[in-house]
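K.L.:
Got a structure here, written out as structure tokens. Questions coming.
The values are calculated or read from the model by the stated rules, or taken from the named source; none is laboratory data. Because the structure is predicted, anything quoted here is derived from the model rather than measured. All Cβ positions, glycine included, derive from the backbone under ideal geometry; neighbour counts span all protein chains shown.
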Amino acid sequence: MKVGPWRAGPERRAWSQGAGQTPRKRDRAGAEPQLPAAPALPGGKMVARRRKRAARDPEDCIPSPPGYAAIPIKFSEKQQASHYLYVRAHGVRQGTKSTWPQKRTLFVLNVPPYCTEESLSRLLSSCGLVQSVELQEKPDLAESPKESRSKFFHPKPVPGFQVAYVVFQKPSGVSAALALKGPLLVSTESHPVKSGIHKWISDYADSVPDPEALRVEVDTFMEAYDQKIAEEEAKAKEEEGVPDEEGWVKVTRRGRRPVLPRTEAASLRVLERERRKRARKELLNFYAWQHRESKMERKPRPAHPQAPRPWPQPWMRPLARAPDSGH
Amino acid sequence: MMGPAPAGEQLCGAIGEPEVMEPALEGTGKEGKKTSSRKRTLAEPPAKGLLQPVKLSRAELYKEPTNEELNHLRETEILFHSSLLRLQVEELLKEVRLSEKKKDRIDAFLREVNQRVVRVPSVPETEEILQDKDGLNQRYFRKRALYLAHLAHHLAQDPLFGSVCFSYTNGCHLKPSLLLRPRGKDERLVTVRLHPCPPPDFFRPCRLLPTKNNVRSAWYRGQSPAGDGSPEPPTPHYNTWVLQDTALESHLQLLSTMLGSAQGLKDGVALLKVWLRQRELDKGQGGFTGFLVSMLVVFLVSTHKIHTTMSGYQVLRRVLQFLATTDLTVNGISLCLSSDPSLPALADFHQAFSVVFLDSSGRLNLCADVTASTYHQVQYEARLSMTLLDSRADDGFQLLLMTPKPMIRAFDHVLHLHPLSRLQAACHRLKLWPELQDNGGDYVSAALGPLTTLLEQGLGTRLKLLAHSRPPVPEWGISQDPPKHKDSGSLTLGLLLRPEGLTSVLELGPEADQPEAAKFRQFWGFRSELRRFQDGAIREAVVWEAASMSQKRLIPHQVVTHLLALHTDIPETCVHYVGGPLDALIQGLKQTSSTGEEALAVAVCCYDDLSRLLWGLEGLPLTVSAVQGAHPVLRYTEVFPPTPVRPASSFYEPLQERSSLLPRLDKPCPAYVEPMTVVCHLEGSGQWPQDAEAVQRVRAAFQLRLAELLTQQHGLQCRATATHTDVLKDGFVFRIRVAYQREPQILKEVQSPEGMISLRDTPASLHLERDTRQLPLLTSALHGLQQQHPAFSGVARLAKRWVRAQLLGEDFTDESLDLVAAALFLHPEPFTPPSSPQVGFLRFLYLVSTFDWKNNPLIVNLNNELTVEEQVEIRSGFLAARTQLPVMVIVTPQDRKHSVWTQDGPSAQILQQLVVLAAEALPMLEKQLMDPRGPGDIRTVFRPPLDIYDVLIRLSPRHIPRHRQAVDSPAASFCRGLLSQPGPSSLMPVLGYDPPQLYLMQLREAFGDLALFFYDQHGGEVIGVLWKPTSFQPQPFKASSTKGRMVMSRGGELVMVPNVEAILEDFAVLGEGLVQTVEARSERWTV
């Protein structure tokens, strides 16, 4: 979920959706934030920067991993010890695309469970105007679904420690955030954050469903779904029996003549029937070549008779390869 | 010369053998796991103790069998059930048989003893001691004791012996024997018993017949018998004891000639002794000893029922068969072949003794001291064992010979009579003077028979079997006084109850005008009343006060105390009845008279009403095709049954527009209401969409419609969500989940790029299948089990209560524990299905602590659907797939491969912890229950050990809704906003709101990588936290695992370690209001 500046209030959703229009299509591998631990890092640039930083502020004795800055964070003033947010500018390798704007995005690790998107946005607003905050369970390995998820069908999970992508309006926000000293306080007198009993009671109140809203949502969804199905059907009907440019005719479930569904079970059944039919007709080891071949069969053969594929295909199961052993 | 020393020496061969056997047997008992015998057959047990098939090389596999092997195979085929059984039997015999080395050492010791005894100075000659009429008035026994004391005095000074002490011969207090143990390391190896015997022909046998008197009343009571010249009462037991001494040598000779040469017979006797020992039948005076069983084998050999070439297993089988089918209390047997008319008739013996088995002289009853109940118990056990052997169960051997059956675990209820001196008064009340005279004043033996007969008659149809334990035979030092009758512990009776007899509160007597009515009145005393019955008859009857199931189970307690007080003057304070002390743990706070079966039945009844409403609902687009319960309440296994909710509106924040109540901040946490899940299947239809997301939406529409219709047509308060509809009916809340049969199928469909649709199990599909298909099936099967075995509910709930009290409840699913409890009823061997929660719980602890989870699936054959062949198949499938299966595997007919209820836990460590806890709790609890002075604090075994945890989080009772369910129920707790009468509010109560559970969910989500959290959901006040040692190893920095960790510099390197101090403060922050204190208990983790 995306959230704008903490003051945003009721317009929040609409606004963050607007922000979500930035191009999001990315390569999976490239989407991963550049992790300093990765050995593929292109040179000592990062290390040098760390050294520079270390040299710049010797009084900063909070250790942080290379490339990251550590910002202490506490729930409120009452706590003695603090957790540390590890932050760095969000960057990806050359040639890969990222959802988040380069240079304006701050990548935050180790966000404590009581820290919400609103509070993080508020805490970092001192560094510059915050455009959006997104909390995620893991560093963005996969594209997160961008359409707003229904609160009825996909209830929010219980938060643990999370990672955050904070997008500032200007790049200066990121550098200001990297220099933050902290400790940041999640809950203050002016902006208390609910926890414990307070939180559970308000969560319970939120969880009591509104049947009308649910009905409206279901109806909208089903309308759209029915429309989609109707369109598909209309299209299928249109194409019914009409050969394409290569002369192939597409057969559908709704055709005049029923066809076998394209399921694995059905195809296995057909294959099995074929095999039995063939076995009935065939004379085994009758011809000399058959004899030779059956001898060959008994010898161990390489598991993959075909040329090795460039990458394994997970959907290929051994059973799907059955036909290629024919004579 | 009296008592030739060699006689004593020989004796230890037969009677001393059990003593010798003892340590060896204990050894096998301890490793009494199924593996013990199998493992040895493997050449090399593989790592981790997993059983694997033996791999033979090709050459070995196809080698021709040798002659020896062929013979062996043929023998196995003929003599044993299966080759596995043969291996098991041989292994067992190896364990109990004396090794040659030990035999030599024992022989050497015996020779030494012999020399010493012969050399004892001034041993008087027989003629000097024994005189003509010594058989009379215990004269012989007293002289015998004096003689023994003289021997003891001399032998005690000999450095050869480590200990010299007295004991009673088979518990008979007139016949002491001398126990000699060698000094040094052999002290535990052997005990030699010295039995002085008169010369075989010293007493005239005709004077020792069971009809003769040898203890004169004048001498015994100090007065002559009543002046009317009535004859002296016969003293059959006394006579037998004298005869036993004279016949000792001939018995030994008989045994050694008949059994000595045949190995199979000797093996059979050894197996039988193990069988008796595991059932505690050979204990104390009147036990069914190894000697008796050896004589029985001799009898069967002489009647050609056993052949000398038979194997040990066959001998065991034949003897059990004989015992199961022959009632020696009615038809006695005799080893005597002569037809001498001077010999007494069997009928004479039946007159005098309850069990009759005559020796070869025809004058001595070998079973003189065996009571009828002991023999019936032997018979009962033999019958059970025969069924077990005939069932060809895979683990028959294990159950027959390796599973101990202590009284407390074998009988539904036990009762202790304590102090024993009360029985003396009982003897007088029962007018048992002749018996006392016969038993030499042993009032326990004298009263035992009449007492058991009285109780058997009184308990009638409620009783399957009544058994008594005998106090063990004590030993005492030669300078001490012998123990008195009252010192010999307590008398413990075990009751095996008939579940079908437990439901009636009425003892129906004869019609008032019948002559038997007087007898009935006499038997039941003031409890007998005249009652008019519905059919118009006026009968004598006794009605017991019992309203609830648990009280009905304890009617035998009322019967026993009433009868004992009425007929034997044993007051209630001396009868310690152990039948329901554990009931307190599953009683609700307010209903101390019930263990919840009734409350569960009310809830189930309400569910039945609801399902009828659903069936008849009009206006649903698809009709309801099935309604199935899927909640522990609906299978009678919810630990604390729900009560109808009547919320007090002032306690809550009403949310009128959604007609719901909300918890309030300023009040204590409201009562916990858990909705009961009901799965509602709709008829099939082609209209359902083919897409998973769309199916969800259609289902949600059904949920909404269901709520609407139930409100419209039946005025029920409903609340619909996307996945379920909550319905408030008569104060119970049900959660109806609409299910679409094809939905799991749709979730499984995976489309390949070529457009091929294949089916793959996904977590979502498995989850759905479990919740909507398997759970309802299990619930209905267990519901059926409860109808068959009324004690099931109590056992399952006690078991769950215990596991949860040990803070392990969250690792075991409700269903898995229910299935373990069900196994106790469906596979009770070698016991019978429990009829009381107490004994069921003990067996649960035994099963959990001894079951070999690593190498065996727990097969729970619900409805008896699995055939023997299928079970074998399941076992072999299990072994093949062991590594992919969960740690704990429970197989049911509906779930033969995957063990769905244990898929998500427990982990191996948690299961191990449970096993350890059960192994500790079982002996402790059994000791408490067997304590004749009362069990003491029964909750001890339910209190968890807290010192193992690294951090303890103490919670505030104000926000624990189930606080009153705690093991140690608090004296005062908070008001939970409930009214005792139905209030005006019909708003939906607060559902499933349990702050400790919400808190735990947050903790596990946030710190699950670093720590384990343990909590008792039934009102626990403390959460135990255990740090995971592996997570505390410093790790290199990784962006994906920074959760709750901090970077530190260690020796110049940057590593990640858990930020313990901040985490401890987080514990308090996340649980604000709920957490009282966070105690970090070990310093080793503060990095």
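K.L.:
Which of the residues that make up segment B:834-852 are closer than 23 Å to B:Q894 by Cβ and surrounded by fewer than 20 Cβ atoms within 10 Å (Cβ to Cβ)?
P.N.:
Within segment B:834-852, B:L847, B:F851 qualify.
K.L.:
Another question, then. Which of the residues that make up segment B:1031-1044 are more than 7 Å from every other protein chain (Cβ to nearest Cβ) and not in a loop (DSSP other than H, G, I, E, B)?
P.N.:
B:S1031, B:F1032, B:Q1035, B:S1041
K.L.:
Pairs please, first residue from segment A:160-174 and away from chain B (no Cβ under 14 Å), second anywhere and acidic (D, E), Cβ atoms under 9 Å, 6+ apart in sequence or on different chains.
P.N.:
A:V166/A:E134; A:V167/A:E134
K.L.:
Residues in segment B:482-497: is at least one closer than 20 Å to B:G460 by Cα, assigned to a loop (DSSP other than H, G, I, E, B) and either within 36 Å of the chain's Cα centre (by Cα) or not aliphatic (A, V, I, L, M) (or both)?
P.N.:
Checked segment B:482-497: no residue is closer than 20 Å to B:G460 by Cα, assigned to a loop (DSSP other than H, G, I, E, B) and either within 36 Å of the chain's Cα centre (by Cα) or not aliphatic (A, V, I, L, M) (or both).
K.L.:
Yes or no: B:T867 surrounded by 18 or more Cβ atoms within 10 Å (Cβ to Cβ), over 25 Å from B:K1028 (Cβ atoms) and not assigned by the TED database to the domain that holds B:F1014?
P.N.:
no
K.L.:
Given the options B:R964, B:R939, B:R958, B:R954, name the one that is farther than 26 Å from B:L1026 by Cβ and surrounded by fewer than 18 Cβ atoms within 10 Å (Cβ to Cβ). Step through it out loud before you land on a result.
P.N.:
Values: B:R964 fails: surrounded by fewer than 18 Cβ atoms within 10 Å (Cβ to Cβ); B:R939 fails: farther than 26 Å from B:L1026 by Cβ; B:R954 fails: farther than 26 Å from B:L1026 by Cβ.
Answer to the check: B:R958.
For (1) under 16 Å from B:R635 (Cα atoms); (2) within 14 Å of chain A (Cβ to nearest Cβ), each residue gets a yes or a no:
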residue	(1), (2)
B:V738	no, yes
B:K748	no, yes
B:S752	no, yes
B:G755	no, yes
B:R760	no, yes
B:E769	no, no
B:T772	yes, no
B:G784	yes, no
B:Q787	yes, no
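K.L.:
Looking only at segment B:892-942, count how many residues are over 24 Å from B:E810 (Cα atoms) and out of contact with any helix residue (DSSP H, G or I) (no Cβ under 7 Å at 6 or more places or on another chain).
P.N.:
Final tally of qualifying residues: 7.
K.L.:
Quick one: in segment A:169-188, which of the residues that are of a type in the set (G, A, S) and part of a helix (DSSP H, G or I) is nearest to A:P63 (Cα to Cα)?
P.N.:
Applying the first criterion (of a type in the set (G, A, S)) to segment A:169-188 yields A:172-173, A:175-177, A:179, A:182, A:187.
Now narrow it down to the ones that are part of a helix (DSSP H, G or I): A:172-173, A:175-177.
Values: A:S172: 24, A:G173: 22, A:S175: 18, A:A176: 19, A:A177: 17 Å.
The qualifying residue nearest to A:P63 (Cα to Cα) is A:A177.
K.L.:
Considering segment B:997-1016 alone, what residues qualify as being buried (at least 19 other Cβ atoms within 10 Å of the Cβ) and not in a strand (DSSP E or B)?
P.N.:
Once the filter is applied, which keeps residues that are buried (at least 19 other Cβ atoms within 10 Å of the Cβ) and not in a strand (DSSP E or B), segment B:997-1016 yields B:L998, B:Y999, B:L1000, B:Q1002, B:L1003, B:A1006, B:F1007, B:L1010, B:Y1015, B:D1016.
K.L.:
Also: Of all the residues that make up segment B:228-258, how many are in contact with a helix residue (DSSP H, G or I) (Cβ under 6 Å, 6 or more places away or on another chain) and in a helix (DSSP H, G or I)?
P.N.:
10
K.L.:
Pull up segment B:241-291, narrow it to residues that are among the basic types (K, R) and out of contact with any strand residue (DSSP E or B) (no Cβ under 9 Å at 6 or more places or on another chain), then point me to the one that is surrounded by the most Cβ atoms within 10 Å (Cβ to Cβ).
P.N.:
So the residue we want is B:R279.
K.L.:
Out of the residues in segment B:239-270 that are touching a Lys or Arg at 6+ places or on another chain (Cβ under 9 Å) and of a type in the set (G, A, S), which is farthest from B:V319 (Cα to Cα)?
P.N.:
B:A247
K.L.:
Answer yes or no as to whether B:G1051 is more than 10 Å from every other protein chain (Cβ to nearest Cβ), surrounded by fewer than 20 Cβ atoms within 10 Å (Cβ to Cβ) and more than 21 Å from A:V158 (Cβ to Cβ).
P.N.:
For B:G1051, the condition - more than 10 Å from every other protein chain (Cβ to nearest Cβ), surrounded by fewer than 20 Cβ atoms within 10 Å (Cβ to Cβ) and more than 21 Å from A:V158 (Cβ to Cβ) - is met.
Residues checked against (1) surrounded by fewer than 22 Cβ atoms within 10 Å (Cβ to Cβ); (2) touching a residue at least 12 places away in the same chain (Cβ under 8 Å); (3) more than 8 Å from chain A (Cβ to nearest Cβ):
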| site | (1), (2), (3) |
| --- | --- |
| B:R697 | no, no, no |
| B:A701 | yes, no, no |
| B:G715 | yes, no, yes |
| B:C718 | no, yes, yes |
| B:G731 | yes, yes, yes |
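K.L.:
Now for a separate question. Which residue, of B:L463, B:L423, is farther than 30 Å from B:G312 by Cβ, outside the structural domain of B:L281 (by the TED database) and surrounded by 22 or more Cβ atoms within 10 Å (Cβ to Cβ)? Walk me through how you get there before you give the answer.
P.N.:
Values: B:L463 fails: surrounded by 22 or more Cβ atoms within 10 Å (Cβ to Cβ).
Residue meeting the stated conditions: B:L423.
K.L.:
Restricting the search to segment B:869-900, which residues are in contact (Cβ under 8 Å) with a residue 60 or more places away in the chain and under 27 Å from B:R409 (Cβ atoms)?
P.N.:
Hits for segment B:869-900 are B:Q871, B:R875, B:M888, B:I890, B:T892.
K.L.:
Taking the conditions exactly as written (among the hydrophobic types (A, V, I, L, M, F, W, C), more than 7 Å from chain B (Cβ to nearest Cβ) and assigned to a helix (DSSP H, G or I)), does A:A234 satisfy them or not?
P.N.:
yes
K.L.:
Quick one: B:R317 ticks every box in (1) over 30 Å from the mean Cα position of the chain (by Cα); (2) surrounded by 20 or more Cβ atoms within 10 Å (Cβ to Cβ); (3) not hydrophobic (A, V, I, L, M, F, W, C) bar one, so which box is it?
P.N.:
(1)
K.L.:
Now a separate question. Out of segment A:63-87, which residues are in contact with a helix residue (DSSP H, G or I) (Cβ under 7 Å, 6 or more places away or on another chain) and more than 7 Å from chain B (Cβ to nearest Cβ)?
P.N.:
A:P66, A:G67, A:A69, A:V87
K.L.:
I would also like to ask the following. For B:T850, are the conditions met, namely being more than 17 Å from the chain's Cα centre (by Cα) and β-branched (V, I, T)?
P.N.:
When the stated conditions are applied, B:T850 does not pass them.
K.L.:
Related question: Sort out which residues of segment B:189-225 are surrounded by 14 or more Cβ atoms within 10 Å (Cβ to Cβ), of a type in the set (K, R) and in a loop (DSSP other than H, G, I, E, B), and write them in order of number.
P.N.:
Within segment B:189-225, B:K212, B:R216 meet the criteria.
K.L.:
OK, next. Quick check on this structure: which one of B:H562, B:H567 is in the same structural domain as B:H418 (by the TED database), under 30 Å from B:N170 (Cβ atoms) and of a type outside the set (D, E, K, R)?
P.N.:
Values: B:H562 fails: under 30 Å from B:N170 (Cβ atoms).
The unique qualifying residue is B:H567.
K.L.:
Here is a list: B:P647, B:P670. Which entry is within 12 Å of chain A (Cβ to nearest Cβ), in contact with a Gly (Cβ under 8 Å, 6 or more places away or on another chain) and either of a type outside the set (A, V, I, L, M) or buried (at least 20 other Cβ atoms within 10 Å of the Cβ) (or both)?
P.N.:
Values: B:P647 fails: within 12 Å of chain A (Cβ to nearest Cβ).
After ruling out the rest, the residue left standing is B:P670.
K.L.:
Wholly within segment B:691-770, which helices (runs of 4 or more DSSP H) include no fewer than the required count, namely at least 1 residues that are under 43 Å from the mean Cα position of the chain (by Cα)?
P.N.:
In segment B:691-770, the matching helices (runs of 4 or more DSSP H) lie at B:743-748, B:763-769.
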